[in-house]
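The values are calculated or read from the model by the stated rules, or taken from the named source; none is laboratory data. Everything numeric in this text was worked out from a predicted model, so none of it was measured. All Cβ positions, glycine included, derive from the backbone under ideal geometry; neighbour counts span all protein chains shown.
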Amino acid sequence: MTRFVSAIPRASSVVAWVLVLVLPFATLSACGEAAPAEPLKLGLLTYISEGSAQNAQDRQRAFHLAIAHLNQAGGVFGRPVEAVVADTQLDPDTAVAEARRLIDHEGVHGIVGPSSSANSFPVAERVAGPSGIPFISPAAGTSRLTEADDNDFFFRLTLSQRAYGPALAQLTRERGFRNVGVLYRDDLWGQGLAETFAQAWEGSLKPVAVEIGQTDIADAVRESAVGGAEALVVMLFPDEAVVAVREALELGVYEQFVWGSALRNLDLVSAIGAVALADTYGIGSSAPGELTPAWEASFVEAYGEPPVGSFALEVYDATIALALAAQAGKSTNGAVIRDHLRAVGSPPGESIEPGPDGVARALAALADGREIVFNGASGPLQWDANGDLRRGHLGVWRYTADGRIEDVRRILYET
């Protein structure tokens, strides 16, 4: 049964920090000379050259911050942790090729990503399962991943669209709308979100698909408004949403918007203007909660500002989870890491909070043979047999008149 309950030096300095922290990791060679210990190598597979620059920046920052925290705490069973980043370009074939490159040529032992649903499904079936390397997507919400043929090597740290769709429908009703248009991206993510939204929606609805790469969205906007829609529910990626919302405003078709899970993004404010977006609400990835002050402080210390883009918390948690699973199994073997992932985030065990001190405590406890429950910055890390979260949080947020994103509340989801 499912239920909802409402409820830094700059990046270059962080890279230098990671390098300094790696230096102490050395062993004696047969000749008595210091030789570096073989590292645990973790990859980040995300979009960089395509898609939201803000999301890409915050996710890379969160990844490197996690690596820094792990090395600051002494690494994983005497080994430093190394980072490798790859660009999916928001293209499934590129994502598959880059995932294979990370494994075959870079020698990574675990991968955070991909970010999108359209990239995650082929990577899960064509790379994760056959390679025996664990993947944790921070952001892929498609329900199809639940049944992916991945040999239990693909996990995710965002809730399924079975959670997002009903929560978005609930928020839309709370905003007072009973007749809405929907524009959705015509891929696995958009189709799934539109479907689960429609299943939970009790009013009038006109959904319209937007093809990937479609540059003229005016006709789709007009079609969605047929029947007197009061608001537009936008289930697009940021670049597409900018085009759609501009056309909706210029045509005078919509003044009210509700945002899908990819649109917690200040790129929209820069492109459209704060006044036009003020007091419009969205459902997105989890906002920082009561367990995250130390994590937030470390992020700001490293980068001078908190993350604004979506799923940065989940990237950090996925990186830490892979390392803790390696520590628990005392191995860099992919199957061993996979087999310990569920244990480091689920009871019983010592409760661990995110941030540099929490990571150090977790590594020390596991080194002593004790059990832990790592409570992530994004929420619980409790996976079911399909690699889906058993429980987690979504965030309700809004755009403000002065051009900020304000977190309104968290929604607890449990199955």
For this session: Filter region 51-79 for residues that are within 20 Å of residue 268 (Cβ to Cβ) and either in the same structural domain as residue 264 (by TED's automatic domain parsing) or more than 15 Å from the chain's Cα centre (by Cα) (or both) and give the result.
Result: none
Seminar exercise, completed: Exactly one of 142, 196, 172 is within 30 Å of residue 332 (Cα to Cα) and either among the hydroxyl-bearing types (Ser, Thr, Tyr) or assigned by TED's automatic domain parsing to the domain that holds residue 241 (or both), and that residue is 142
For this session: Of all residues in region 158-204, count the ones that are assigned to a strand (DSSP E or B) and under 30 Å from residue 390 (Cβ atoms).
Result: 3
Problem set entry | helices (runs of 4 or more DSSP H) enclosed by region 214-305 - at least 2 residues per element that are under 26 Å from the mean Cα position of the chain (by Cα) and of a type in the set (Phe, Trp, Tyr) | 293-303
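Is it the case that residue 336 is modelled with pLDDT of 95 or more and in contact with a strand residue (DSSP E or B) (Cβ under 9 Å, 6 or more places away or on another chain)? Talk me through it step by step, then tell me what you get.
Details: modelled with pLDDT of 95 or more: yes; in contact with a strand residue (DSSP E or B) (Cβ under 9 Å, 6 or more places away or on another chain): no.
Here the answer is no, as residue 336 does not meet what is asked.
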Problem set entry | Check on residue 83, buried (at least 18 other Cβ atoms within 10 Å of the Cβ) and touching a helix residue (DSSP H, G or I) at 6+ places or on another chain (Cβ under 7 Å) | yes
For this session: Kindly establish whether residue 141 is under 24 Å from residue 342 (Cβ atoms) and in contact with a Pro (Cβ under 8 Å, 6 or more places away or on another chain).
Result: no
Seminar exercise, completed: Contact list, first residue from region 231-258 and of a type in the set (Asp, Glu), second anywhere and part of a helix (DSSP H, G or I), beta-carbon distance below 7 Å, six or more apart or interchain, is 247/218; 247/221
For this session: Please specify each residue of region 306-351 satisfying the condition of being hydrophobic (A, V, I, L, M, F, W, C), buried (at least 24 other Cβ atoms within 10 Å of the Cβ) and in a loop (DSSP other than H, G, I, E, B).
Result: 311
For this session: Among what's in region 147-157 and is assigned to a loop (DSSP other than H, G, I, E, B) and on the phi < 0 side of the Ramachandran plot, pick the residue that is surrounded by the most Cβ atoms within 10 Å (Cβ to Cβ).
Result: 157
Problem set entry | Any pair with Cβ under 8 angstrom, 6 or more apart, that starts in region 351-378 at a residue that is modelled with pLDDT under 95 and ends at one that is surrounded by fewer than 18 Cβ atoms within 10 Å (Cβ to Cβ) and among the hydroxyl-bearing types (Ser, Thr, Tyr) | 375/351
Seminar exercise, completed: Residue set 237, 197, 299; condition farther than 26 Å from residue 404 by Cα and of a type outside the set (Val, Ile, Thr); output residue 197
Problem set entry | Residue tally, condition part of a helix (DSSP H, G or I) and either under 25 Å from residue 328 (Cβ atoms) or more than 22 Å from the chain's Cα centre (by Cα) (or both), over region 80-108 | 4
Exercise. In region 389-415, how many residues are buried (at least 20 other Cβ atoms within 10 Å of the Cβ) and not in a strand (DSSP E or B)?
Worked result: 0
For this session: Could you list, in sequence order, all residues of region 38-50 that are more than 15 Å from the chain's Cα centre (by Cα) and either basic (Lys, Arg) or assigned to a loop (DSSP other than H, G, I, E, B) (or both)?
Result: 38, 39, 41, 49, 50
